[in-house]
Structures are given as C-alpha cells and as structure tokens.
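Readers should treat all values here as calculations from the given coordinates under stated rules, not as data from a laboratory. Treat the numbers as computed from the prediction; the structure is a model and nothing was measured. As a convention, Cβ positions derive from the backbone with ideal geometry for all residues, glycine included, and neighbour counts pool all protein chains shown.
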Amino acid sequence: MITHEVLVNRSCALSENPFWDTDAQRFLWTDITGGAIWSHDASTDTTTKIYDGPNVGGFTQEADGSLLLFRTSDVVKMAADGSFNEVAQFSEEGDSRFNDVIADPRGRVFAGTVGNEPTSGGVYRYDPDGSVRRVITGTGCSNGMAFTANRTKFYWTCSTRKQIYVYDYDEASGDISNGRLWYQADEEEGITDGLTIDLDDNIWSARWDGYRVRKHDAQDGHVLDEIKFPVAKVSSVVFGGVDFDTMYLTTAGGDGEESLDGAIFTLQVPSVKGRPEFRSRLTG
C-alpha cells in the first residue's frame, strides 16, 4: 500500500512550485501569498526560509545554481548569498501575477500567469537572448507544465477550465503548436493544478479541492491511478531524491494553525521515477 508522509508542516496558505535541487540535495518550494521560499535539506532534515520578499509565483534554477524568481512585477536572479539582480520587469494588462514556471531544454522559461478575469492571463516564453513573447493567451489561471522525454511534446494546464492540453514542441526554436485538449476533469475530482512527468511520460497531476493526485496515461490521458490525501488543496507535485524515486507534493489552505493544510508531503510509488528539471539560462 502506498503511504504518504508529512515532510514539513508550515501551514502555508499557498505552497507551490515544488523543486528538487540536485546540486544541494534539497527540496525547495514557494509560499506565494506568504512571500517566502523554503528549503528542506535532505541530509540534515532541517528547513530554512531562504527568501522573504515580494510574492514569488514560480521559480527555476539557473545553470550556475542560482534561483530565478518570477515575482509579481519582475523577474530577478537570487544568488546563493541572497543578493538579487533584476532580469526583467513584468506588467501586462489583465495579469495579476506569475503562477507556475518551467525551464525548457535550451534554457528558455515558460511562465504562466493568473488573469484578473477568466479570459485574461497567459503563458510567456522568456528566451536567453532577452526576448519575451506571449505563446498562450486567455488562460485564466495558468498552471502545471512538462516536456516529454523525447522533447517533442509540451503539456500545459488550464486550472480555470479544469483541463490539460498537449502541444507539439520544437526544441530548436522553442515554438509550441497544434494545441489540443488532452484531459478534461469533472467536478468530483477537483481542479487540475500543478503536474510532473515520470520516466514513462505518464503525467501526475495534482487536484486543487480534490484531495488527490492523479496518474494519467501518456498516450490518451485516461486516469491510471490516484493517491488521496487528507487535505483538499493539493497544489503541485515533483520527483526528487537521489534516484528521483520520491514524490514531493505541495498543498495549500493553511492558516498557521495546527492542521495539515499547507503541509509538504512525500511518498514513493513502486517502480515509478522522475527526472531532473531543466535549468534556465536567462542570466548568462
């Protein structure tokens, strides 16, 4: 039987963007509304707040190991010593903040936003040459993304419509095309939120207000399995650990009280592993 454990319970209101740092063997996540990024060191079992400032909707890790923070109104590089360097300003009519980001194999970053209305919001592609372009429009609340192992498909989540889409992806240019609906969630299972992909290209998608994470078949998106949790707002999931055989899940809804809402969970699924996230290369 698959059992989950509580790794850290900070009772965060909105934990998101789970990330495994292979260099430091630590697990990172952002508490968006708390304006914090937390780090849990696997070797010492200690948790440290490494960032305190404007809200971070998502982050990637740069090639040099620094973190690239996508904040409410800017993108900044945070070095290991805690110093900051601005990379870009952000201000788009209809967008309130960033929400979930991912680096691609060439160091670009696809960054989603939360729109002020269901028909606003988008996904932006930040390229190493400094250019920025909007690649998906009218997203509402943009969410989890992933690339297949052969780097020809790109998955993207629309939480507003409870859907997951798949696009054709060209690694050389970074272009995505031919977007089509891959999975439509129903009312009972909750809202499609953050996701990750395993070595077999199956998608693991968290369910906000759904008490679960679901495993979807790589080919047609049908549900292969699900794991339930004691909290409603399961916000995202990533693989980590030395062999990438541990799943780390962020949750939300905490209010600082003694409850599991907003805690970080871990679990292992037999014979299932993930792979490292790509590094961004926006700062040289």
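Before moving on, here are some points about what is shown:
- The lysines within cross-link reach of residue 49, meaning a Cα-to-Cα straight distance under 29 Å and a gap of 8 or more places when in the same chain, are 77, 228, 233, 273.
- Cα centre as origin, Lys/Arg/Asp/Glu Cβ charges: the range 154-242 dipole, Debye: 420 debye
- Phi to ³J(HN,Hα) by Karplus 6.51 cos²θ - 1.76 cosθ + 1.60 over the range 224-231, Hz, x for Gly, Pro: 8, 6, 8, 10, 9, 10, x, 10
- FRET efficiency for the pair residue 131 and residue 23, taken as 1/(1 + (r/R0)^6) with r the Cβ-Cβ distance and R0 = 41 Å, rounds to 0.90.
- Remark: the residue 180-residue 201 segment gains 5.8 nm on full extension, using 0.36 nm per residue and subtracting the alpha carbon distance.
- Fully extending the segment from residue 188 to residue 106 would add 25.7 nm, taking 0.36 nm per residue of separation and subtracting the current Cα-Cα distance.
- Inter-centroid distance (Cα atoms) of the range 173-187 relative to the range 211-270, Å: 22 Å
- Protection proxy ranking for 49-61, 264-276, using the average of other Cβ atoms within 10 Å per residue and placing the highest first: 49-61, 264-276.
- The protection proxy used here, the mean number of other Cβ atoms lying within 10 Å of each residue, ranks peptides 18-27, 67-76 as follows, highest first: 67-76, 18-27.
- Cβ-Cβ FRET estimate between residue 116 and residue 271, R0 fixed at 30 Å, reported to 0.05: 0.10
- 3J(HN,Hα) along the range 62-71, derived from phi through the Karplus expression 6.51 cos²θ - 1.76 cosθ + 1.60 where θ = phi - 60°, amounts to 6, 4, 8, x, 6, 9, 10, 9, 9, 9 Hz, with x in place of Gly and Pro.
- Here the gap between residue 215 and residue 255, fully extended at 0.36 nm per residue and compared with their Cα-Cα distance, gives a gain of 11.5 nm.
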